[in-house]
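To start, the structure under review is shown below, and the notes come after it.
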Amino acid sequence: MDAFLFLVLAAIAVVSALNLVVQTHPISSALSLVGVMGSLAVLYLLLGAEFIAAAQMIVYAGAIMVLFIFVIMLLNAGGERLTRRSAYVKIFGVPLMALFLGLVSFVIQAALPRGEMVVFGAFTHGGPADIGRSLFTQYLLPFEVVSVLILIAILGAIVLARKEID
Amino acid sequence: MPASNGVPLNWYLILSAILFCLGIAGFLYRRNVITVFMSIELMLNAVNLSFVTFSYQFKQVDGHIFTFFVMVVAAAEAAVGLAIILTVFKNRQTLQVDDVNSLKN
Amino acid sequence: MNFLLLTLIKVALVAAVFLTALAYLQWIERKVLAHIQLRPGPYRVGPHGLLQPLADVIKLVTKEGFIPSHVNKFFYVLAPFVAVALALTTISVLPFGPEIQVFGIHTWMQLTDLKIGVLFVLAVSAVSVYGVALAGWASNNKYSLLGGLRSSAQMVSYELPYAVAIAAPLLLLNTLSFREIVNAQAGFYFGFIPRWSVFQLPFPQIFSFVLFLIAGFAETNRIPFDLPEAENELVAGYHTEYSSMKFAAFFMAEYANMITVALVATLLFLGGWHPPLPGAISNYIPTAVLVLVAAICFYHGAQPYRKWDRFTFPIAGVISLLLAGLFLVPLVQPILMPLFWFVAKAGLLLFIFIWVRGTLPRFRYDQLMHFAWTFLFPVAILNLLVTGLLVALFPK
């Protein structure tokens, strides 16, 4: 059952990611990315990361991607045109990418030879309580720093998107 | 070890690698600023999957915390990045990355 | 296998009841609005228009599924499916009652209980904006696009006060699982004040409740926040280009979202299925109410205004009496009583939804955004801070 779920979700994720790359219209790409995020959220659940799965849907799919789609709809930009460099990328990129992927896979296989299994339900400490405890004790300083970062980002976005730019 | 009941940890990492490579491909291949930006998000997602997988391997929540921080940074990045894209579009009426090169000419 | 069979039965039951409730909520809305405006409302199909939902469904199903030539076909067809599927998903984590025993089998009146149930509801409501945004974009029509844009901006903005208003009672209840949320609200203060979140010490969540309802109106695109489909500005907003079952899907999604918000509010703030009165008195309230209804029906049947009242009212009265008797049967009482209170509370909230629609005018778009960011969100944050402070000062 685990293997079946993993394969189905991995297939959805890979096909959606591929679709992101090959689609010419940004809206199709954005929705493919939402598909990747949704299947990753379920994979997180299989890995026992309940809170992260929910946060993935709320923050990534529900806020960030909605922002993307909002901007795409607002600008109503059509498809893109490809330049000469893109053609080179098409010819040389695919073999190089396959080579890189093979290398990474080899390293992963070599570094993790024990072949540990992921069993659903074996790791149950990914709930909100555990994350919160860790976040507000061990990782308190990064948490506060990140909140300042968010504040800066808000200010930056407002300054940039203002109507009159001096 | 229940071989029939479970998925090798490697599979998750390889899936993460595949998604990361597709993100790089999109980043290099696409010419639309928004799609390029989305490819970066795809790479971040792939890395998040690795974090959560390693968190499972070590039976600790630290990987989850890192994922959480990556999400927060991605949100901040999206807010600023999309504001920049809006400004660029307002000034140049284009989203092609090749057309935003007035410093070069 | 037993688990699978039981779950399938429960899914079928919940789906059947939920979809019927959707159809009849629309009938109730039309009736209530009509009575607010001194009209009779739907009256022709069946007694008092009771079969109107059936007629509507037949009309919508048999209508031609027309796809305009200028739309983006794939997304145009996808959007209503996304909207309705997401709207119907939330019901799977909401409990309707406590653990019950049917034919010797113990089971909860709930499809599944997630440890992160509340986050699941938030996640689904965060993603449900896609249906509307996509419909607006794919229709390739400026009014639809404006509707879609408005809706995505509105739903993202109101998501914040919505989530923050939910967070405050969670500080009191200390769990994210709906089952435990309701269990944490059992019991009474001084023997008569129920320990629901809206009354619970140290800080009664009455402000959260109001904030949640306001944000819920905006999340479900209801009047006074129905800017995405403001018909005097945008024809019909994002569903201008939709007809037949695809239009019906949006319609269903709107009502399903409305029911979901009402159920979540009931579970989080109004104590779920716990009765408002202590002791055995509360077990006789539904019987008393139904007997009263039967008495009114018999009175009107004896003095008919219309030709058919002589027959229809006594029949309704007899049905009410039978139901009243059913609530007294000891075998089914433990099943029916929690359901009655749950449905009564959720029904009251749904009535408020309809009442507001019949009463308030629509906001202007800038007022809507101003309200969210300069009033609703700061107040929700303040409420959360005060709740957190009081919970920290007076631990249980």
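Any residue that is assigned by TED's automatic domain parsing to the domain that holds C:GLU254, of a type outside the set (Lys, Arg), within 26 Å of C:PHE247 (Cα to Cα) and without any contact (Cβ under 8 Å) to a residue 12 or more places away in the chain - is there at least one of those in region C:79-92? Checked region C:79-92: at least one residue is assigned by TED's automatic domain parsing to the domain that holds C:GLU254, of a type outside the set (Lys, Arg), within 26 Å of C:PHE247 (Cα to Cα) and without any contact (Cβ under 8 Å) to a residue 12 or more places away in the chain. Within the set C:LEU134, C:LEU114, C:LEU176, the sole residue that is within 13 Å of chain A (Cβ to nearest Cβ), closer than 15 Å to A:VAL66 by Cβ, of a type outside the set (Ser, Thr, Tyr) and in contact with a helix residue (DSSP H, G or I) (Cβ under 6 Å, 6 or more places away or on another chain) turns out to be C:LEU134. Going through A:ALA77, A:ALA110 one at a time, which residue ends up being out of contact with any Gly (no Cβ under 8 Å at 6 or more places or on another chain), under 22 Å from A:VAL22 (Cβ atoms), among the hydrophobic types (A, V, I, L, M, F, W, C) and at pLDDT below 85? Answer to the selection: A:ALA77. Inclusion of B:LEU28 among residues that are free of Cβ contacts under 8 Å to residues at least 24 places away in the same chain and touching a helix residue (DSSP H, G or I) at 6+ places or on another chain (Cβ under 6 Å) is warranted. Only a single item in (1) more than 7 Å from chain A (Cβ to nearest Cβ); (2) more than 23 Å from A:PHE123 (Cα to Cα); (3) more than 13 Å from the chain's Cα centre (by Cα) is not met by B:PHE54, and it is number (2).
For the criterion of being more than 26 Å from the chain's Cα centre (by Cα) and either under 23 Å from C:GLN110 (Cβ atoms) or of a type in the set (A, V, I, L, M, F, W, C) (or both), C:ILE285 fails. Of everything in region A:25-36 that is within 8 Å of chain B (Cβ to nearest Cβ) and of a type outside the set (Gly, Ala, Ser), the residue that is nearest to B:VAL97 (Cα to Cα) is A:PRO26. Considering only region C:257-272, I want to know if a residue exists there that is touching a residue at least 12 places away in the same chain (Cβ under 8 Å), assigned by TED's automatic domain parsing to the domain that holds C:LEU201 and over 20 Å from C:ILE181 (Cα atoms). Within region C:257-272 (the criterion being touching a residue at least 12 places away in the same chain (Cβ under 8 Å), assigned by TED's automatic domain parsing to the domain that holds C:LEU201 and over 20 Å from C:ILE181 (Cα atoms)), the answer is yes, since at least one residue qualifies.
When B:VAL36, B:VAL52, B:VAL80 are checked against the criterion of being within 22 Å of A:LEU45 (Cα to Cα) and either without any contact (Cβ under 8 Å) to a residue 40 or more places away in the chain or assigned to a helix (DSSP H, G or I) (or both), a single residue qualifies: B:VAL52. Screening region C:79-191 for helices (runs of 4 or more DSSP H) wholly inside it with 2 or more residues that are among the charged types (D, E, K, R) returns the ranges C:142-173, C:178-183. Residue check: C:ILE285 meets all listed conditions (1) over 24 Å from C:LEU25 (Cα atoms); (2) in contact with a Pro (Cβ under 9 Å, 6 or more places away or on another chain) but one, namely (1). Just one of (1) in contact with a strand residue (DSSP E or B) (Cβ under 9 Å, 6 or more places away or on another chain); (2) surrounded by fewer than 23 Cβ atoms within 10 Å (Cβ to Cβ) fails for B:GLN60. It is (1).
Total residues in region C:1-54 satisfying the condition of being among the hydroxyl-bearing types (Ser, Thr, Tyr), surrounded by 13 or more Cβ atoms within 10 Å (Cβ to Cβ) and under 22 Å from C:ALA262 (Cβ atoms): the figure is 1. Would you confirm whether any residue within region C:13-35 is farther than 26 Å from C:SER244 by Cα and either among the β-branched types (Val, Ile, Thr) or modelled with pLDDT under 85 (or both)? Scanning region C:13-35, I find no residue that is farther than 26 Å from C:SER244 by Cα and either among the β-branched types (Val, Ile, Thr) or modelled with pLDDT under 85 (or both), so the answer is no. Taken together, B:VAL36, B:VAL88, B:VAL97 contain a single residue that is over 17 Å from the mean Cα position of the chain (by Cα), under 18 Å from A:ALA30 (Cα atoms) and more than 7 Å from chain A (Cβ to nearest Cβ), which is B:VAL97.
For B:GLU77, the conditions (1) charged (D, E, K, R); (2) within 7 Å of chain A (Cβ to nearest Cβ); (3) within 12 Å of the chain's Cα centre (by Cα) all hold with the exception of (2). If you go through region C:146-169 and keep only what is under 22 Å from C:PRO276 (Cβ atoms) and either surrounded by fewer than 21 Cβ atoms within 10 Å (Cβ to Cβ) or of a type outside the set (A, V, I, L, M, F, W, C) (or both), you end up with just C:PRO169. In summary, C:TYR143 fulfils each of the numbered conditions (1) more than 20 Å from C:ILE181 (Cβ to Cβ); (2) surrounded by 19 or more Cβ atoms within 10 Å (Cβ to Cβ); (3) within 13 Å of chain A (Cβ to nearest Cβ); (4) not aliphatic (A, V, I, L, M) with the single exception of condition (3). For region B:63-72, the candidate set comprises residues that are facing another protein chain (nearest Cβ under 7 Å) and out of contact with any Pro (no Cβ under 7 Å at 6 or more places or on another chain); within that set, the residue that is farthest from A:GLY126 (Cα to Cα) is B:VAL72.
Would it be correct to say that C:ALA126 is out of contact with any strand residue (DSSP E or B) (no Cβ under 6 Å at 6 or more places or on another chain) and surrounded by 21 or more Cβ atoms within 10 Å (Cβ to Cβ)? So C:ALA126 passes the test.
The condition (being surrounded by 14 or more Cβ atoms within 10 Å (Cβ to Cβ) and either more than 29 Å from the chain's Cα centre (by Cα) or not assigned by TED's automatic domain parsing to the domain that holds C:SER208 (or both)) is satisfied by just one residue among C:ALA392, C:ALA294: C:ALA294. Look at A:LEU141 and say whether it is within 21 Å of the chain's Cα centre (by Cα) and either facing another protein chain (nearest Cβ under 8 Å) or at pLDDT 80 or above (or both). Judged against the criteria, A:LEU141 is not a match.
Taken together, A:ALA63, A:ALA157 contain a single residue that is touching an Asp or Glu at 6+ places or on another chain (Cβ under 9 Å) and either modelled with pLDDT under 80 or at the interface with another protein chain (Cβ under 7 Å from one of its Cβ atoms) (or both), which is A:ALA63.
C:LEU213 meets all of the listed conditions (1) at pLDDT 85 or above; (2) in contact with a Pro (Cβ under 7 Å, 6 or more places away or on another chain) but one, namely (2).
Hey, among C:ILE181, C:ILE193, which residue is under 20 Å from the mean Cα position of the chain (by Cα) and β-branched (Val, Ile, Thr)? C:ILE181 is the lone residue from the list that is under 20 Å from the mean Cα position of the chain (by Cα) and β-branched (Val, Ile, Thr).
Among the residues of region A:111-131, those identified as loosely packed, with under 12 Cβ neighbours inside 10 Å and under 16 Å from B:GLN60 (Cα atoms) are A:GLY121, A:THR124. Restricting attention to region B:1-29 and to residues that are more than 7 Å from chain A (Cβ to nearest Cβ) and either in contact with a Ser or Thr (Cβ under 6 Å, 6 or more places away or on another chain) or buried (at least 24 other Cβ atoms within 10 Å of the Cβ) (or both), the residue that is farthest from A:ASN19 (Cα to Cα) turns out to be B:SER16.
The values are calculated or read from the model by the stated rules, or taken from the named source; none is laboratory data. A quick note: this is a predicted structure, and the numbers were derived from the prediction, not measured. Cβ: placed from backbone, ideal geometry, glycine included. Neighbour counts: every protein chain shown.
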